[in-house]
């Protein structure tokens, strides 16, 4: 399976990173990590890249890591998944509000509503 994991620097995206890397280490799937600017978080691309690379190294995985710059990271994730034949997009997100409803960030919401590729949301 060819997996595209989006990491935007939130704690939920790091949780998705950890769970996906663990699964890929067990299954031998092909993983590509796309780091993106998350407008809802004050993140530094270098710090996110360092966290991703250290997680991959600790698991003994050799995965492609790329940076998605500019606007509309959700759109770019969808485009990459479809144009490069990924089997699944994995994202972290979906916190619960005080009323128990799931709240999605703009990137996650865009991907869920527009991707033709199956999406796994880790929360």
### Query
With a ≥ b ≥ c the root eigenvalues of the C-alpha gyration tensor of segment 1-73, is it rounded (a/c under 1.5), prolate (a/b larger than b/c) or oblate?
prolate
### Query
GNM, the chain, Cα, under 10 Å: largest mean-square fluctuation among 92, 60, 74?
60
### Query
Expressed as a fraction of 2.2 N^0.38 Å, the rule-of-thumb size for a compact globular protein of N residues, what is the C-alpha radius of gyration of segment 2-122?
0.99
### Task
Could you work out how far the C-alpha centroid of segment 59-123 sits from that of segment 25-57, in angstrom?
12 Å
### Message
Below 8 Å, C-alpha to C-alpha, sequence gap of six or more: please give me the relative contact order for the chain in percent.
### Response
32 percent
### Task
Averaging sequence separations of C-alpha pairs under 8 Å and six or more residues apart, then dividing by the length of segment 40-110, give the relative contact order as a whole percent.
23 percent
### Task
Among DSSP beta bridges whose residues both lie in segment 2-122, state the antiparallel percentage, nearest 5.
10 percent
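Each value in this text was obtained by applying a stated rule to the coordinates, not by laboratory testing. All values reported here derive from a predicted model rather than from experimental measurement.
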